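Here's the structure we're looking at; comments come further down.
The values are calculated or read from the model by the stated rules, or taken from the named source; none is laboratory data. Nothing here was measured: the structure is a model prediction, and the numbers come from that model. Note that we place each Cβ from the backbone using ideal geometry, even for glycine, and neighbour counts take in every protein chain shown. With ligands, DNA and RNA removed, areas are computed over all heavy atoms of the protein, side chains included. Shrake-Rupley method; radii C 1.70, N 1.55, O 1.52, S 1.80 Å.
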Amino acid sequence: MSSRHVRGQLFGYRELPEESGLWGMLLPRPGHEVAAHGSDAQDVIDRLDEDRLVFANTERLGIRGFLLAFFLPFTLVQLIATIRFIPSVKLDSAFDLAFIAMLLAFTAIPCAAVFYCARAPIPPPVIISRRLRRIYAWPANGKGWISVDYDDVVPATFVHRMVTTSGSATTYVLTLCQLKAGTREIECSIVPAPAQSLPQSCGQLWEFIRRYMDGPAHALPPVRLVPPLTAAAWMARADREVLHNQVDDEHRVVRRVTSMYMVWWYGIVFYWAERARNWIERTAPRRPLPPELAEEDAPPLASDYRIIPYSPIELQAQAGTLPHMRRRWFICGVLSTVLWGTLFGLLAASAWVMR
């Protein structure tokens, strides 16, 4: 791999390569290029009708949920430390005043982080307007809506490689790039869905978008939408949006060693983060839609697109009453509480006994 691709892996690509390679794969452009994959978009679509295609907003909200679940107990630990240390400071020197100021700052920072995670407007999902033939997204820098002409985008599957002390992982990200005229420089890019574990999944998702924009409704395969956003459906949404490849249609863990490891590891480590994510998604303020979309923002009507109806088991899962799913998440919740409770409990005890 060249140094340019190494920099791209570390800091992001500024130019889109002209050919597929170790960096990733170029996909067929909008229009009449031959399809390289079949089409599929299971568990990543929130709305599908003649007007627009709306993706589930999973990845960035998942980060917010984790930060809220982490900083809330950390703030309590910091408050304990502040209450414990302040009475022992005599305030008779500049050093003592600086120490108190630093302690208060360390307390204010996690408090501000908790408030931000809980009440900051949530980033809107990616919206593809079939009527306007444009793709809308709210970038990570939060500077406002961007939109690109669907017919001008250059789609690609980027390879993301992560290496840590505990191992390595490779994921694949569908990225819709808008290039500066006459160059390969990326002017802006939109990632409509979370990273995938297989490269063909990105190709299938892009082909689903192409058929939606340029083909009749019957050209799309039946698609299962994400579960509705309710307090009771948080377990079903986590299974479908995050663990979709590891959990079957009945919300049972797939009988593979890797699936069992991923489901239980994720459930134990991120149980409270998932609950926080669901709460944020239901209660946090929302960004207004662009004017051209807000004008016709109405509930989706019946359409010819084939939406897979929710099965009785799926409806039970969305109501939070599916026994084996509740049992799995209950065990994860208990073990997660023990894990994080022990960690933050030891920190709080250390802050209390130290002077």
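By a 1.4 Å probe calculation restricted to protein chains, SER189 has an accessible surface near 60 Å², given to the nearest 10. The candidate values are [x] 236; [y] 188; [z] 156; the one derived from this structure for volume of the Cα convex hull per residue in Å³ carries the label [y]. Distant-in-sequence amide contacts of ARG52, defined by a placed amide H-H separation under 5 Å and a gap of 5 or more residues or a different chain, comprise ARG130.
The modelled label-to-label distance for the pair PHE95/ILE109, using points 7 Å beyond Cα in the direction of Cβ, is 2.2 nm.
Largest first, the residues LEU322, LEU26 sort by 1.4 Å accessible area into LEU26, LEU322. Relative to the dominant Cα principal axis of the chain, helix 59-85 is inclined by about 10°.
In this structure GLU274 has an accessible area near 10 Å², from a 1.4 Å probe over the protein heavy atoms. In this structure the amide hydrogen of CYS188, modeled in the peptide plane, comes within under 5 Å of the amide hydrogens of GLN178, none closer than 5 places in sequence on its chain. Phi-derived couplings, Karplus 6.51 cos²θ - 1.76 cosθ + 1.60 at θ = phi - 60°, listed residue by residue for region 115-124: 4, 4, 4, 7, 10, 5, x, 6, x, x Hz, with x used for Gly and Pro.
Annotation: amide H of ARG134 within the under-5 Å range of SER129, TYR150, sequence separation 5 or more or interchain, hydrogens built in the peptide plane. Annotation: the antiparallel percentage among DSSP beta bridges lying fully within the chain is about 95. Phi-derived couplings, Karplus 6.51 cos²θ - 1.76 cosθ + 1.60 at θ = phi - 60°, listed residue by residue for region 232-244: 6, 8, 5, 5, 5, 5, 5, 4, 7, 7, 9, 9, 4 Hz, with x used for Gly and Pro. The figure for THR258 is an accessible area of roughly 90 square angstrom, using a 1.4 Å probe on the protein chains alone.
Taking Cα atoms only, the orientation of helix 323-353 departs from the longest principal axis of the chain by about 40 degrees.
Neighbours of GLN316, meaning other residues whose beta-carbon lies under 12 angstrom from its beta-carbon, give a summed charge of -1 when Lys and Arg score +1 and Asp and Glu score -1. Over all other residues within a Cβ to Cβ distance under 13 Å of ALA113, the charged ones net out to +2, with Lys and Arg as +1 and Asp and Glu as -1. Using a Gaussian network model of the chain whose springs link C-alpha atoms within less than 10 Å, name the residue from ALA105, ALA69, ALA56 with the highest mean-square fluctuation. For the chain, modelled as a Gaussian network with Cα springs under 10 Å, the answer is ALA105. With contacts taken as Cα pairs under 8 Å and at least 6 residues apart, region 155-274 reaches a relative contact order of 13 percent.
Phi-derived couplings, Karplus 6.51 cos²θ - 1.76 cosθ + 1.60 at θ = phi - 60°, listed residue by residue for region 22-31: 5, 5, x, 9, 6, 10, x, 6, x, x Hz, with x used for Gly and Pro. How about region 233-334: which trypsin sites (Lys or Arg not before Pro) there are in a DSSP loop, with at most 16 other Cβ atoms within 10 Å of their Cβ? Hits after loop and neighbour filter: ARG252, ARG255, ARG256, ARG306. Charge tally for LEU104 (other residues, Cβ to Cβ under 14 Å; Lys, Arg +1; Asp, Glu -1): 0. Using the Cβ-Cβ distance between ARG161 and ARG255 with R0 set to 35 Å, the FRET efficiency works out to roughly 0.80.
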